[in-house]
Amino acid sequence: MFCGNSAHTLDEKGRVFVSKRFQEGLSRTEDGTLVAYLSRGQDACLYLFSESGFQRALAELNTSVFSGEDLRGVKRVFLANTVRVELDGSGRILIPEKQRDGAGLGRDIVMVGVGDRAEIWPKAAWEKYEAANLKKLDHIDRVLAGEPTRTQG
């Protein structure tokens, strides 16, 4: 499970260190190399999945071959914007330029654990998102029940 958050810096080559707590949730190849799947996510962030987490997400998209235009479109775009990445000996991944540009990543980023995956956000975008959504914790019971909430602020 991925939880917590940490601030990181992209280097000039587009590499970023994956914190140890997130590395522990990733998959290993037979030779011990840590691997992950990096995909374009919602809300202009990137998703970082373990191999098993990616397989579960993919299974949700594979409900039926002919399941409607929207699902086919989402599946095509999701998979077209997903890459398998390996962590180097320093615990870094290379975020391809297409994914960096799609998420608007600059030098300062934040990795956020959200249970089944980690998310990679531009630091300023994460801070704005977190501030806008933090009050929802006051109504977590209603959020979990699917009830509408009204935040005061």
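The values are calculated or read from the model by the stated rules, or taken from the named source; none is laboratory data. These numbers come from a predicted model, not from an experiment. Note: ideal-geometry Cβ built from the backbone for every residue, glycine included; neighbour counts use all protein chains shown.
Odds and ends about this structure:
- Of all residues in the stretch 75-93, those satisfying the criterion of being touching a residue at least 60 places away in the same chain (Cβ under 8 Å) and surrounded by 13 or more Cβ atoms within 10 Å (Cβ to Cβ) are L87, D88, G91, R92, I93.
- Remark: pairs (first residue in the stretch 11-40, free of Cβ contacts under 8 Å to residues at least 60 places away in the same chain and within 25 Å of A80 (Cβ to Cβ); second residue among the hydroxyl-bearing types (S, T, Y) and not in a strand (DSSP E or B); Cβ separation under 9 Å; 6+ apart in sequence or on different chains) = S27/S50; S27/S52; V35/T29; V35/S50; A36/S50; Y37/S50.
- So A36, is it of a type in the set (A, V, I, L, M, F, W, C), closer than 14 Å to E119 by Cβ and surrounded by fewer than 20 Cβ atoms within 10 Å (Cβ to Cβ): no
For every residue, the table says whether it meets (1) loosely packed, with under 15 Cβ neighbours inside 10 Å; (2) at pLDDT below 95; (3) more than 26 Å from E127 (Cα to Cα).
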position	(1), (2), (3)
K13	yes, no, no
G32	yes, yes, yes
Q42	yes, yes, no
L46	no, no, no
G73	yes, yes, yes
G106	yes, no, no
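- Tallying residues that are closer than 25 Å to E130 by Cβ and free of Cβ contacts under 8 Å to residues at least 24 places away in the same chain within the stretch 41-55 yields 1.
- Taking the stretch 109-122 as the range and being surrounded by 21 or more Cβ atoms within 10 Å (Cβ to Cβ) and part of a loop (DSSP other than H, G, I, E, B) as the test, only R117 passes.
- Checking the stated criteria, A7 turns out to be exposed (fewer than 15 other Cβ atoms within 10 Å of the Cβ), under 15 Å from A118 (Cα atoms) and not aromatic (F, W, Y).
- Among (1) free of Cβ contacts under 8 Å to residues at least 60 places away in the same chain; (2) surrounded by 13 or more Cβ atoms within 10 Å (Cβ to Cβ); (3) polar (S, T, N, Q) - the single one N133 does not satisfy: (2)
- Only residues that are free of Cβ contacts under 8 Å to residues at least 40 places away in the same chain and surrounded by 13 or more Cβ atoms within 10 Å (Cβ to Cβ) were counted across the stretch 56-66, and they come to 2.
- Every listed requirement among (1) among the acidic types (D, E); (2) in contact with a His (Cβ under 9 Å, 6 or more places away or on another chain); (3) surrounded by fewer than 12 Cβ atoms within 10 Å (Cβ to Cβ) is met by D101 save one, (2).
- Qualifying residue in the stretch 127-143 (condition: at pLDDT 90 or above, within 15 Å of G41 (Cα to Cα), in a helix (DSSP H, G or I) and under 16 Å from the mean Cα position of the chain (by Cα)): yes
- Among (1) in a loop (DSSP other than H, G, I, E, B); (2) closer than 18 Å to S19 by Cα - the single one G106 does not satisfy: (2)
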